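Novice: Have a look at this one.
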Amino acid sequence: MLECQNQDKNNVIGLGIGVPGFVPLKGDRIPQLVNMGLENVPLKFKLEQKFNAHVLVENDANAAAWGEHKAGASQGTRDNLLITLGTGVGSGVIVNEAIHRGNLGLTGEIGHILVRPIDGKLCNCGKVGCLETECSGVAIESKAKALYDEHQLTAREVFNRADNGDETAKRVIQEASYYLAWGISHALHVLEFEVVVLGGGISRGGNLLLQPVRAYLEDFMGDCPEFPTEKVLVSKLGNKVALHGLYYLIYEKIN
Ligand SMILES: [Zn+2]
């Protein structure tokens, strides 16, 4: 990256890195990065040594939530939630205009809320019926592959087919939206967010995703009709949102 920008590493004053895993509040090591096959990684220490600069390591969903909060769809709100819908499902929680991390740093693991514990699918975490097994990109692809009996189908293609009126594709998205709305309603009942932002590759489905999610959410929030379901939005910053968040986080750390 530095070569592309014709920059020397000595000009780097701060480095922010988002990781797809738990970032403990104490200690410098990342216990496990499942998708990268890494364990017990002293990431911050290694990067500080290499670049001699401030290094900030943040959970990627937290970084994305902060980016959206500072410059995207949830800008100007105090309490908001960003749900990342990609290979897996994660979230970043903003409370009182700050990232809420919890006691250990585990806040935001919305992908592992149980929504189908009786007849759901086995999740990577070992439980059955996690939200992630119903509305991640992998989950949508896997359902569609079974229904169409096609092995090369992507989630993007499912949305394209739904956009062209394909009823099977619409059904797959409806079902994913149902469980996603269920997960969102749990989060809203615990913390009354002003805005919920959907990010990650699946959020590019736009209204094909938003409309059913809002409709189901209206049912699930029937006891709290004050929550305006149009406050569920898609990301404004797209796949660069975590970069925006990391930029603001490292800038705030240095200044
Ligand atoms: Zn799980």
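The values are calculated or read from the model by the stated rules, or taken from the named source; none is laboratory data. Quantities reported herein were computed from a predicted structural model and do not represent experimental measurements. Quick reminder, even Gly has a Cβ in these numbers, built from the backbone with ideal geometry, and neighbours come from all protein chains shown. Note: accessible area is taken over every heavy atom of the protein model, side chains too, but ligands, DNA and RNA are not part of it. Shrake-Rupley method; radii C 1.70, N 1.55, O 1.52, S 1.80 Å.
Novice: In debye to the nearest 20, how big a dipole does the chain give about its Cα centre with +1 on each Lys and Arg Cβ and -1 on each Asp and Glu Cβ?
Specialist: It comes to approximately 680 debye.
Novice: Given the protein chains as shown and a 1.4 Å probe, how many square angstrom of residue 140 are accessible, to the nearest 10?
Specialist: 0
Novice: Can you give the % of DSSP beta bridges in the chain that are antiparallel, to the nearest 5?
Specialist: The antiparallel proportion sits near 50 percent.
Novice: Set the bar at 32 Å for Cα to Cα. Now go through 46/121; 26/240; 26/127; 9/240 and name every pair that lies beyond it.
Specialist: Beyond 32 Å between Cα atoms: 46/121.
Novice: Tell me the mean residue ellipticity at 222 nm calculated for the chain from its helices only (DSSP H runs of n ≥ 4, each -39500 (n - 2.57), averaged over every residue, nearest 500).
Specialist: -12000 deg cm²/dmol
Novice: Show 66, 182 ordered by accessible area, largest first, where the area counts protein heavy atoms only and the probe is 1.4 Å.
Specialist: Descending order: 182, 66.
Novice: Right, something else. Helix 241-254 sits at what angle to the longest principal axis of the chain, using alpha carbons and giving 0 to 90 degrees rounded to 10?
Specialist: 30
Novice: Under 17 Å from the 7 Å Cα→Cβ point of residue 52, by amide nitrogen: which residues of the range 1-37?
Specialist: Of the residues in the range 1-37, 7-15 have backbone N under 17 Å from the label point off residue 52.
Novice: Can you pull out the GluC sites (Glu not before Pro) in the range 136-175 that DSSP calls coil and that have at most 12 other Cβ atoms within 10 Å?
Specialist: The qualifying sites are 150.
Novice: Need one number: nm distance between label points at residue 175 and residue 194, each 7 Å from Cα along Cα→Cβ, rounded to one decimal.
Specialist: Placing both labels 7 Å beyond Cα along the Cβ direction yields 3.8 nm.
Novice: With springs connecting C-alpha atoms under 10 Å apart, model the chain as a Gaussian network and identify which of 14, 199, 90 has the largest mean-square fluctuation.
Specialist: Top of the fluctuation ranking is 14.
Novice: Between residue 12 and residue 211, what length comes free when the chain is fully extended (0.36 nm per residue of separation minus the Cα-Cα distance, one decimal in nm)?
Specialist: Stretched fully, the residue 12-residue 211 segment lengthens by 67.3 nm.
Novice: Roughly how many Å² of residue 84 are accessible to a 1.4 Å probe, to the nearest 10?
Specialist: So the heavy atoms of residue 84 present about 40 Å² to solvent.
Novice: Also, quick follow-up: Could you name the lysines whose alpha carbon sits less than 25 Å from that of residue 236, not counting residues in the same chain fewer than 8 places away?
Specialist: In chain and number order, the partners are 70, 170, 253.
Novice: With the chain treated as a Gaussian network of Cα nodes joined by springs under 10 Å, which of 82, 147, 56 yields the largest mean-square fluctuation?
Specialist: Result for the chain, Cα springs under 10 Å: 147 fluctuates most.
Novice: Moving on. Can you tell me the orientation of helix 207-220 relative to the chain, as the angle in degrees between its alpha-carbon axis and the longest Cα principal axis, to the nearest 10?
Specialist: 70
Novice: Shape call for the range 75-236 from the C-alpha gyration tensor, a ≥ b ≥ c root eigenvalues: rounded (a/c under 1.5), prolate (a/b greater than b/c) or oblate?
Specialist: prolate
Novice: Looking at the range 222-255, which GluC sites (Glu not before Pro) are in a loop (DSSP not H, G, I, E or B) and have at most 10 other Cβ atoms within 10 Å?
Specialist: 226
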